[in-house]
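**Student:** Just passing along the structure, written as structure tokens.
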Amino acid sequence: MDANHIEQVRAFNRAVTRRIGVLSDDYLGRGRPLGESRLLFEIGRDGADLRDLRGRLGLDSGYLSRLLRSLETRGLVTSRPAPGDARVRRATLTRKGLAEWAALDRQSQAMATSMITPLGSSQRTRMLAAMAEVERLMRASEVAIAPADPASGDARACFDAYFAELKIRFDSGFDPALTVSATPDELTPPAGVLLLARLDGRAIGCGALKAGPRSVGEIKRMWVDPSARGLGIAQRLLDAIEQQAVVLGLRTLRLDTNRSLVEARALYLRNGYREISAYNQNPYAHHWFEKKRRKADATFRGATEDAGSA
């Protein structure tokens, strides 16, 4: 990684934290640090489950408990078992907490206004566009991709969402029982592997690899939640699958896809996959692709694969 890039990120972080008052224990003039103020704001008017707050804010249980205890001591928040599930605790704002939430909201609006009001029209447009781009890319950098249990609830949820989308997008609908199998046994090492992409603790994408005979693997279950598309997750999943293929000793990767999945075909083509004749009897497939690992290369990557991301 370029040292100048790292320094630019650090300088940006210092500028932002100074400008928005992160260093003060009196964030937005409300007599508490940013962490407590943010937690109060995220609990919001409707309340929130503590496990959701942990995932949303990226906090460990101990730190969240300390923040919550401070707000409870001030009479701003109460926490109790969630209705219908005593294992889950839910935080809600008291009457005093709701008044404080409204004050924070007003102060936050004022802070945002103070950041853009001094700028000219063109500067304001550039700043807002830059903020949107930085936010999008920072979200992308939070996505974690790792092997997962193909029989887990998260895996099943991704598969179900994937199948539901295919049912809508395919001209003939979609029945997973009729397509090429990718059972948990087939996606458990060394027979294969399932990768899940997670954001804020939630599974938002998947990609799988089946290891077959003669060092040939097949890519299956490539899907990204619509809410997370445009963050480059499909490209990262494909890269991770190719890395897993090397670990499993595979030298050829194959896949099939439907003609309606135009974006998927574009992804594979720009990553060096070439269209081949049908190698299976999948009733939903119209295109078949293959990519071989070069003998002297430790990966499936090549010069043509860096042109873009999905």
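The values are calculated or read from the model by the stated rules, or taken from the named source; none is laboratory data. Note that the coordinates shown come from a computational prediction; the quantities given were computed from them, not determined experimentally. Please note: Cβ atoms are built from the backbone with ideal geometry, for glycine as well, and neighbour counts cover all protein chains shown. What goes into the accessible areas is simple: the full protein's heavy atoms, side chains included, and nothing from ligands, DNA or RNA. Shrake-Rupley method; radii C 1.70, N 1.55, O 1.52, S 1.80 Å.
**Student:** At 222 nm, what helix-only mean residue ellipticity would the chain give, in deg cm²/dmol to the nearest 500, using -39500 (n - 2.57) for each DSSP H run of four or more?
**Tutor:** Value at 222 nm, helices only, nearest 500: -14000 deg cm²/dmol.
**Student:** Using 7 Å Cα-to-Cβ label points, what is the residue 142/residue 80 separation (nm, one decimal)?
**Tutor:** Spacing of the two 7 Å Cα→Cβ label points: 3.1 nm.
**Student:** With mean projected area of the Cα convex hull in nm² in mind, check (1) 21.2; (2) 13.3; (3) 17.7 and report the label derived from this structure.
**Tutor:** (1)
**Student:** Is there a quick way to get the dipole size of the chain? I mean about its Cα centre, with the Cβ of Lys and Arg at +1 and of Asp and Glu at -1; what is the value in debye to the nearest 20?
**Tutor:** 520
**Student:** Could you look at the chain and say what percent of its accessible area is carbon and sulfur, using a 1.4 Å probe and all protein chains?
**Tutor:** So the carbon and sulfur contribution to the accessible surface is 54 percent.
**Student:** Moving to a separate point now. So if R0 is 22 Å, what FRET efficiency would residue 87 and residue 30 give, r being the distance between their Cβ atoms, rounded to the nearest 0.05?
**Tutor:** Here the calculated transfer efficiency is 0.10.
**Student:** Please compute the length gained on full extension between residue 175 and residue 134, using 0.36 nm multiplied by the number of residues separating them and subtracting their Cα-Cα distance.
**Tutor:** 10.8 nm
**Student:** Would you mind checking which residues have amide H under 5 Å from residue 222's amide H? H placed 1.01 Å from N; only 5 or more apart, or other chain.
**Tutor:** 208
**Student:** Hey, another quick one. Would you mind telling me the antiparallel percentage of the DSSP bridges in the chain, rounded to 5?
**Tutor:** Given both bridge residues lie in the chain, the antiparallel proportion sits at roughly 90 percent.
**Student:** Along Cα→Cβ, 7 Å out, is where each label goes; now give me the distance between the ones at residue 42 and residue 10 in nm to one decimal.
**Tutor:** 2.7
**Student:** Whole angstrom only: what separates the Cα centroid of region 1-51 from the Cα centroid of region 167-242?
**Tutor:** Here the two parts' Cα centres lie 35 Å apart.
**Student:** In debye to the nearest 20, how big a dipole does region 82-150 give about its Cα centre with +1 on each Lys and Arg Cβ and -1 on each Asp and Glu Cβ?
**Tutor:** Dipole size: approximately 300 debye.
**Student:** Also: Multiply the residue gap between residue 294 and residue 262 by 0.36 nm, knock off their C-alpha separation, and tell me the result in nm, one decimal place.
**Tutor:** Gain in length upon complete extension: 8.8 nm.
**Student:** Convert each backbone phi in region 212-228 into a coupling constant with the Karplus relation 6.51 cos²θ - 1.76 cosθ + 1.60 (shift: θ = phi - 60°), then list the ³J(HN,Hα) values in order as whole Hz, x for Gly and Pro.
**Tutor:** Going residue by residue, I get x, x, 6, 6, 10, x, 10, 7, 9, 6, 7, 7, 10, 4, x, 5, 10 Hz, with x marking Gly and Pro.
**Student:** Would you mind working out the accessible area per residue for the chain, using a 1.4 Å probe, and quoting it in Å²?
**Tutor:** Per-residue value: 56 Å².
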